[in-house]
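Single-structure report; data block below.
We did not get these values from a lab; they are worked out from the coordinates using the rules stated. None of the values given here were measured: they were computed from a predicted structure. Virtual Cβ from ideal backbone geometry, glycine too; neighbours counted across all protein chains shown.
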Amino acid sequence: MNGHLSPLPEFGPEDLVAGVDTHADTHTFAVLTAQGGVITTETFPADGRGYGHAIAFLTQIGSVAAIGVEGTNSYGAGLTRALIGAGFDVKEVLRPIRQVRRLNGRSDPVDAIAAARAVLAGDGVSQVKDTSTPAEQVRFLLAARSRLLRTTTTIANSLISLLVTAPEDLRAKYRGLATPALVARLGASRPSEHLGDPVHCTAAHTLKHLAQAHIDARQRAKVLEDQMLTILNTHYPHLLAVYGVGPIVAAQLVVTIGGNPDRVRSEAAFASLCGVAPIPASSGKTTRYRLNRGGDRRGNAALHRIVLIRIQRDRRTQAYLQRRISEGKTTREVIRCLKHAVAREIYRVMTRPPNQESIPATNLAALRNSRGLTLTHVAQALGTWPARISDIEKGKRPLPDLTERYKNWLLAA
């Protein structure tokens, strides 16, 4: 069992356990005894009234010690909130693997019974995320931003492909431009209605509309990113202070661990959750580990970005990389080790955050300007990037160590 899963549950002989198979329109409940016997199954509509009837059903049937719900972050999200609000202990259960489903057959009652039995066995069961915290706000904003950026990529590809087939005089006007410049030029273009070639006119108008849609999606994504940054600065400044963690990476890590980080019981559990903990693959006299390709892949990607930034800019990480390579490790293997180490650091920050009052939020721009210094001058003196100094001055990223160095350097300058 992975470390982030719940410990083996203990139920009394009189306790009941329920399982729920969730769908878009209906939720099917199965109630079992603590010994695994099926008492009953029932289906309710997946709406507010159905949630109320399901809660009344569970209350009347007896002492339900735990409820296993499939898809607590998808079809079962509303039901999960209702059950928790009613005081039930809700667990998230994994859907049965395909081999098991083929062996036992598939129906809503069968899947609900399997969910309840998973709770009894403690197999593939975890604590549900708290969806009433700022982490849920970040999740909505991050998901919307990601989809908007995906839309901009699709639009940009369409622009390029349509321009390839456009009339030659239109192609020549925009030939050789990089995608950002192409979008800006097309968005600001003013196609003439009086050209003799109707195909040219239609193509020019079409490309302009696509470019404007691209620009609009980008602007909306930026608005969502600013809203995320406000939430992160307010509730997770300690995470933004970690070297290599920007707003988007921080947002993804917050979503991965959820609003109740205590549900992840250890550093090893968080590493497993993010897919950076090696998996034992030993057999007989052979002892080895293989790469973990499971876990939250978006969380894994966030850790990967942190490691890449540190390899590029952090001298200690660069020294570690060179030392391990000289010992015979490949770059990929060293990156995996670094991701595991970063996962431990992130877990400590998320579960034992430092006192927020200890994170300085002083605006040093006025003092810098009074000394006649530019951001570039400061960055060169401190061995960092001008953008980092700008982030500190604007309060975008509370970097306590760098801020303290910056302040001391200014005072001594």
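Points worth noting:
- Dipole magnitude (debye, nearest 20) for the chain, charges at Cβ of Lys, Arg, Asp, Glu: 2120
- For the chain, the residue among Val254, Thr152, Thr26 whose Cα projects farthest onto the positive side of the dipole built from Cβ charges is Thr152.
- Take 67-75, 307-315 and order them by the average number of nearby Cβ atoms within 10 Å per residue, most first; the result is 67-75, 307-315.
- Shape call, segment 247-356: gyration tensor on alpha carbons, a/c limit 1.5: oblate
- HN-Hα J in Hz across segment 170-182 - Karplus 6.51, -1.76, 1.60, θ = phi - 60°, x for Gly and Pro: 6, 4, 5, 5, 10, 5, x, 7, 5, 4, x, 5, 4
- Note on His340, His209, His27: ascending count of other Cβ atoms within 10 Å places them as His209, His340, His27, the fewest first.
- For Cα Rg over 2.2 N^0.38 Å, calculated from these coordinates, the label among (1) 1.25; (2) 1.07; (3) 1.02: (1)
- Packing, taken as the mean count of other beta carbons within 10 Å per residue, orders the peptides 267-277, 180-190, 316-326, 83-93 from highest to lowest as 267-277, 83-93, 180-190, 316-326.
- Cα gyration tensor shape of segment 135-235, rounded if a/c is under 1.5, else prolate or oblate by comparing a/b with b/c: prolate
- Most positive-pole-ward Cα, Thr131, Ala217, Leu79, against dipole of the chain from beta carbon charges: Ala217
- Per-residue 3J(HN,Hα) values for segment 184-189, derived from phi via the Karplus relation 6.51 cos²θ - 1.76 cosθ + 1.60 with θ = phi - 60°, read 5, 5, 5, x, 9, 5 Hz in sequence order (x marks Gly and Pro).
- Cα point-scatterer Debye curve for segment 293-352, base-10 log of I(q)/I(0) at q = 0.19, 0.20 Å⁻¹: -0.72, -0.78
- Partners for Lys129 among lysines (Cα-Cα distance below 22 Å; same-chain residues under 8 apart left out): Lys91
- By the rule of a C-alpha distance below 17 Å, with chain neighbours fewer than 8 residues away ignored, the lysines paired with Lys329 are Lys339.
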